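Notes for the one structure printed next.
The values are calculated or read from the model by the stated rules, or taken from the named source; none is laboratory data. Predicted, not measured: the structure shown is a model, and the values here were computed from it. Every residue, glycine among them, receives a Cβ derived from its backbone with ideal geometry; neighbour counts consider all protein chains shown. Areas reflect the complete protein model, heavy atoms only, side chains present, ligands, DNA and RNA absent. Shrake-Rupley method; radii C 1.70, N 1.55, O 1.52, S 1.80 Å.
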Amino acid sequence: MAIREASANIETFSLRKMLDIEDIALHDAGNVDVSQKLEETLRRVRLIVADIIRMGKTPILIGGEHTITYGAVQGTVEVLGKEIAVVSFDAHLDLRDEYLGETLSHTTFMRRTSENIGPNKIVITGVRAVSKGELKYADQAAISYIPVTEVRRMGAEATARQIRALTSQSRGIYVTIDFDVLDPAFAPGVGNPESDGLSPDTLISILNQLCDDRVIGLDLVEVSPHYDSGATAAAAARVLFEAICSIEVSRREVQ
Ligand SMILES: [Mn+2]
């Protein structure tokens, strides 16, 4: 709701892509009713995402808890099969096997997703906050991750090229943006802020290069209005606008 409200208060024109988001056919499908039971909420997300993809459209989800990505990827796989890649932007790996007794939460959902589509189809970018166990699992399972220091060393363009190369065997990419990938200076209103993060310019520049007609779904999550002055929600709306404009420009070129 906070990002939706913020989106009404920022300019809609993308100077990066020379496109006005108001000139793109978008539909706001409203909010998913969240159940007290996580499994039920995930089931709803899965069904809705599958429906939207079956209609030939691209679901864009906004949250909230990162665990929704697990349901969204399940819905995507239901329609398109497992030959898809998941491209994540996140300070964390979210690869724990369990956390506080739970096997399905925002700290473990990428492990479950890896078990669903296969570890070689996951790329996590902007990483800087990990546990030893997660690193061990990532290395053993051959999950690709690009630490934030590597992003800075390579620059946005080369980072996007590397993500493309790592996912070139897949039929499409599902992009998930945990907003804690940004530095808390730019996005303080997130559940688990981690210093030493990306700038909005770097994130948007990577997305501008990466988000094309191969994107089959996208989400932006973990924005927490309780911790926010409004700056995080406004930045989230801007990042979403730029990602959507990038997808649209690429599709118009293909047509
Ligand atoms: Mn995170």
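Structure data summary
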read-out: Residue 191 vs. criteria in contact (Cβ under 8 Å) with a residue 12 or more places away in the chain, in contact with an Asp or Glu (Cβ under 6 Å, 6 or more places away or on another chain) and surrounded by fewer than 18 Cβ atoms within 10 Å (Cβ to Cβ); value: yes
read-out: Test: residue in region 128-137 that is closer than 20 Å to residue 38 by Cα and either within 16 Å of the ligand (Cβ to nearest atom) or within 17 Å of the chain's Cα centre (by Cα) (or both); value: no
read-out: Qualifying residues in region 146-156 (those that are within 18 Å of the chain's Cα centre (by Cα) and part of a helix (DSSP H, G or I)) - the one nearest to the ligand (Cβ to nearest atom); value: 148
read-out: The one condition in (1) within 15 Å of the chain's Cα centre (by Cα); (2) within 16 Å of the ligand (Cβ to nearest atom) that residue 160 fails to fulfil; value: (2)
read-out: The listed residue being out of contact with any Phe, Trp or Tyr (no Cβ under 9 Å at 6 or more places or on another chain), within 16 Å of the ligand (Cβ to nearest atom) and either open to solvent by 10 Å² or more (accessible area, probe 1.4 Å) or modelled with pLDDT of 95 or more (or both), out of 75, 64, 81; value: 64
read-out: Those residues of region 180-196 which are within 10 Å of the ligand (Cβ to nearest atom) and assigned to a loop (DSSP other than H, G, I, E, B), in sequence order; value: 191, 192, 193, 194
read-out: Counted residues, region 239-255 - those being open to solvent by 60 Å² or more (accessible area, probe 1.4 Å) and in a helix (DSSP H, G or I); value: 4
read-out: Residue match in region 87-107 (condition: away from the ligand (no atom under 14 Å from the Cβ), under 16 Å from the mean Cα position of the chain (by Cα) and free of Cβ contacts under 8 Å to residues at least 60 places away in the same chain); value: no
read-out: Pair list, Cβ under 6 Å, 6 or more apart: region 175-188 residue over 16 Å from residue 233 (Cβ atoms), other residue of a type in the set (S, T, N, Q) and within 10 Å of the ligand (Cβ to nearest atom); value: 176/88
read-out: Number of the condition not met by residue 200 [criteria: (1) more than 16 Å from the ligand (Cβ to nearest atom); (2) under 15 Å from the mean Cα position of the chain (by Cα); (3) open to solvent by less than 30 Å² (accessible area, probe 1.4 Å)]; value: (3)
read-out: Check on residue 54, open to solvent by 90 Å² or more (accessible area, probe 1.4 Å) and either under 21 Å from residue 226 (Cα atoms) or of a type outside the set (Phe, Trp, Tyr) (or both); value: yes
read-out: Residue satisfying condition, being assigned to a strand (DSSP E or B) and either within 16 Å of the ligand (Cβ to nearest atom) or surrounded by fewer than 18 Cβ atoms within 10 Å (Cβ to Cβ) (or both), within set 173, 177, 216; value: 177
